[in-house]
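The values are calculated or read from the model by the stated rules, or taken from the named source; none is laboratory data. Source: prediction; values computed, not measured. Here the Cβ positions follow ideal geometry from the backbone for every residue, glycine too, while neighbour counts run over all protein chains shown.
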Amino acid sequence: MNPAILVQNLNKIYDNNFQALKDINLEIMSGEILALLGPNGAGKTTLINAICGIVQYNSGQISVSGFDAAKNYRQARACIGLVPQELTTDAFETVWNTVSFSRGLFGKPKNPQFIETLLKRLSLWDKKDNQLRKLSGGMKRRVMIAKALSHEPQILFLDEPSAGVDVELRKSMWDQVRDLRQTGVTVILTTHYIEEAEEIADRVGVINKGELILIQDKSALMKKLGNKELRLDLNKPMLAVPNELTDLNLTLKKDGCQLVFSYDSNENHSEVGRVLERLQALNITFKDLSTQQSSLEEIFVQLVGDA
């Protein structure tokens, strides 16, 4: 199966000699959800704009649904729907008209039934006759998604889709992204909300200073890099970790009432048993035990820090 997007050895250098993208190689398969994470200025938006033909790149190749993005720009761009960070809409136009107009820009014939289905899917049907200036920020964001999907693209870019959106609406948008994937649409999103990537992405890519430092299946990434913690709620509080246990990776928390043992989740779990045996030998008892896996946010901070 051909990839939806193939980026090879992509470089972008601006006139002031700032290199925004450094030898980017990326393959995105049809029907997957890829989250691109990175701090401000990392190159996320530049990469999206290069793929969408908005930014010219200095070297490298980009293929979109089999079309060379430079040689066959129109065909490649017709495969893409883009929701930019900025809310750029005609304030005095209605929802119905602005979405229908976007469809026409790509040479698609009028299809009122499709537009109706699209607006209903995005919970915009009851707003179809409203002027955009009268909509909330979250509703405007949904209109931007509707515009991007109006010409029935198979690839959708969402650049910070949850910016300025409340938590409830954010979760609703996540559900809509999942629904799109079910129809075969490939979704690439950039986000500052790491829980967004953790919630809906199949794979995670991390960009820092113009370099794609990692791209991997989300669950494999968390398994590979995630540390675990064994948390023991003690029956009696302690003032400090006993000297007999200082060789172990133990910390004392919660007013001396909780011992925490940190360990690599990929290593032999016999270390956990050894910790419990040594606690028992010292007559240190506990009333509850739990484990916690590192979050994607902690892994992201670790990766960017290492880079």
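When the stretch 235-255 is examined, which residues are found to be under 38 Å from the mean Cα position of the chain (by Cα) and either over 19 Å from Asp288 (Cβ atoms) or of a type outside the set (D, E, K, R) (or both)?
If the condition is that a residue be under 38 Å from the mean Cα position of the chain (by Cα) and either over 19 Å from Asp288 (Cβ atoms) or of a type outside the set (D, E, K, R) (or both), then Leu248, Asn249, Leu250, Thr251, Leu252 are the ones that fit.
For the stretch 58-73, does any single residue satisfy the condition of being in the same structural domain as Lys218 (by TED's automatic domain parsing), of a type in the set (Asp, Glu) and not in a strand (DSSP E or B)? Reasoning before the result, please.
Looking only at the stretch 58-73, we keep the residues that are in the same structural domain as Lys218 (by TED's automatic domain parsing), and these are 58-73.
In the following step, the residues that additionally are of a type in the set (Asp, Glu) were identified as 68.
Still in the running and not in a strand (DSSP E or B): none.
No, the stretch 58-73 has no match at all.
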Checklist outcome for this item: When the stretch 6-42 is checked residue by residue, the ones that are over 17 Å from Val83 (Cα atoms), crowded, with 16+ Cβ neighbours inside 10 Å and not charged (D, E, K, R) are Leu6, Val7, Leu10, Asn11, Ala20, Leu21, Ile24, Leu26, Ile28, Gly31, Gly38, Ala42
Next on the checklist: Please pick out the residue among Ile33, Ile51, Ile62 that is touching an Asp or Glu at 6+ places or on another chain (Cβ under 8 Å), touching a residue at least 60 places away in the same chain (Cβ under 8 Å) and either farther than 19 Å from Ile213 by Cα or not polar (S, T, N, Q) (or both).
Outcome noted: Ile33
Checklist entry - Mind checking which residues of the stretch 85-106 are more than 18 Å from Leu135 (Cα to Cα) and either free of Cβ contacts under 8 Å to residues at least 24 places away in the same chain or touching a Phe, Trp or Tyr at 6+ places or on another chain (Cβ under 9 Å) (or both)? => result Phe101, Arg103, Gly104
Checklist entry - Hey, among the residues in the stretch 179-199 that are in contact with a Phe, Trp or Tyr (Cβ under 9 Å, 6 or more places away or on another chain) and surrounded by fewer than 20 Cβ atoms within 10 Å (Cβ to Cβ), which one's modelled with the lowest pLDDT? => result Ile194
